[in-house]
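Please read the structure below before turning to the comments.
What follows draws every value from the coordinates through simple rules; no lab data is involved. Here the structure is a predicted model, which means the values were calculated and not measured. Cβ sites come from the backbone with ideal geometry, for glycine too, and all protein chains shown count toward neighbours.
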Amino acid sequence: MVRICIKTVRFRTEPVRKHFMPIERRLRLGRHGISSTYSPRLRLKVGEGWGDRTGDDVTLGDVFSEAEVARLYRHRAPYPDGVFAILRRLLVAPRRVLDVGAGTGALARPMLAFAERVDAVDPSGAMIDEGRRLPGGDDPRLHWVAARFEDAHLSSPYGLITAGASLHWLDLDAALPRLRDALAPGAVMAIADTENLHGAYHPEILAVIKEHSEVEHHVETTELMAGLRAADRFVIEGQEHTAPAAFEQSVDDYLEMLHSTSTLARVRLRDRASRFDEQIRAVFARHRLGRIRFGVIGVVIWGHPT
């Protein structure tokens, strides 16, 4: 199981064999638990060639302020309906939701089906502009907030706080107390993510991704939450997986989805982008695939920041 980007895209191929490093090796745990210097950074490849491109400790969050990256988000598989059934069940009064790191509103816009108001916070103006153009993005009950969560004006209390795979980008020492204080009595924070179930071609796809991605290691959302729990920073009250939802897209659209990720965006790949595309297309050609069909499992973890 390899995550190639910071926001919500995860891949795995059946059968699955999980090999986890000890959690203390995957997260930087400091005096206050999760280090505030951990959240906005990834451990990048270093050595011949890589250091010249990016340095050995580079913030990648600015990728998401690119208009092209925001536009390509539409090629990502949506959250399964089961994710929203879980979130609907978790919402309490007041029926107002705060979505942190909202991106183009993949969680925020569908939650208008059961929430009276959704405040969608994201630091990227490009993401918000794109989200406004998507279905439900101009609903008057959806309040877009262009700001870092740590600085954003909040209309607390909230009957539910949600986040996709966005906690990695927050200054957790500042954000977790703010999230805790924004919850209404009886309300929880829910973190949603997805796992994609791919076919026999996928190990070859991962090999190409590993060759071109600057990321040596990225902590999975479930591992991040386990680390927060172990550091007494988050009390996990529940976790559910949805049934797989079928998703299909063309090879072209799959490539565009990959280019919506932090280390595989064209602005990061630069002169390697054409070669990357050629290698991905060659994999699907070898497997005689013009369209890709895979299953998407939703994962929701909920509880309370401490």
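Any idea which of Glu211, Glu216, Glu195, Glu223 is crowded, with 20+ Cβ neighbours inside 10 Å and not hydrophobic (A, V, I, L, M, F, W, C)? Going through Glu211, Glu216, Glu195, Glu223 in turn, just one is crowded, with 20+ Cβ neighbours inside 10 Å and not hydrophobic (A, V, I, L, M, F, W, C): Glu195. Here Asp193 meets each of (1) at positive phi; (2) among the acidic types (Asp, Glu); (3) outside any loop (DSSP other than H, G, I, E, B) with one exception, condition (1). Looking only at segment 203-218, decide whether some residue is among the hydrophobic types (A, V, I, L, M, F, W, C), assigned to a loop (DSSP other than H, G, I, E, B) and on the phi < 0 side of the Ramachandran plot. Checked segment 203-218: no residue is among the hydrophobic types (A, V, I, L, M, F, W, C), assigned to a loop (DSSP other than H, G, I, E, B) and on the phi < 0 side of the Ramachandran plot. When segment 93-110 is limited to residues that are aliphatic (A, V, I, L, M) and over 18 Å from Ser156 (Cα atoms), the one that is surrounded by the most Cβ atoms within 10 Å (Cβ to Cβ) turns out to be Leu107. Here are the criteria: (1) within 19 Å of Met189 (Cα to Cα); (2) in contact (Cβ under 8 Å) with a residue 12 or more places away in the chain. Tell me which single one Thr104 does not satisfy. Result: Thr104 passes all but (1).
Those strands (runs of 3 or more DSSP E) of segment 220-306 in which at least 3 residues are among the aliphatic types (A, V, I, L, M) and under 30 Å from Leu172 (Cα atoms), considering only elements entirely within it, cover 291-305. Condition first: in a loop (DSSP other than H, G, I, E, B), in contact with a helix residue (DSSP H, G or I) (Cβ under 8 Å, 6 or more places away or on another chain) and either crowded, with 20+ Cβ neighbours inside 10 Å or free of Cβ contacts under 8 Å to residues at least 24 places away in the same chain (or both). Can you find one or more residues in segment 111-120 that meet it? Checking segment 111-120: not a single residue is in a loop (DSSP other than H, G, I, E, B), in contact with a helix residue (DSSP H, G or I) (Cβ under 8 Å, 6 or more places away or on another chain) and either crowded, with 20+ Cβ neighbours inside 10 Å or free of Cβ contacts under 8 Å to residues at least 24 places away in the same chain (or both).
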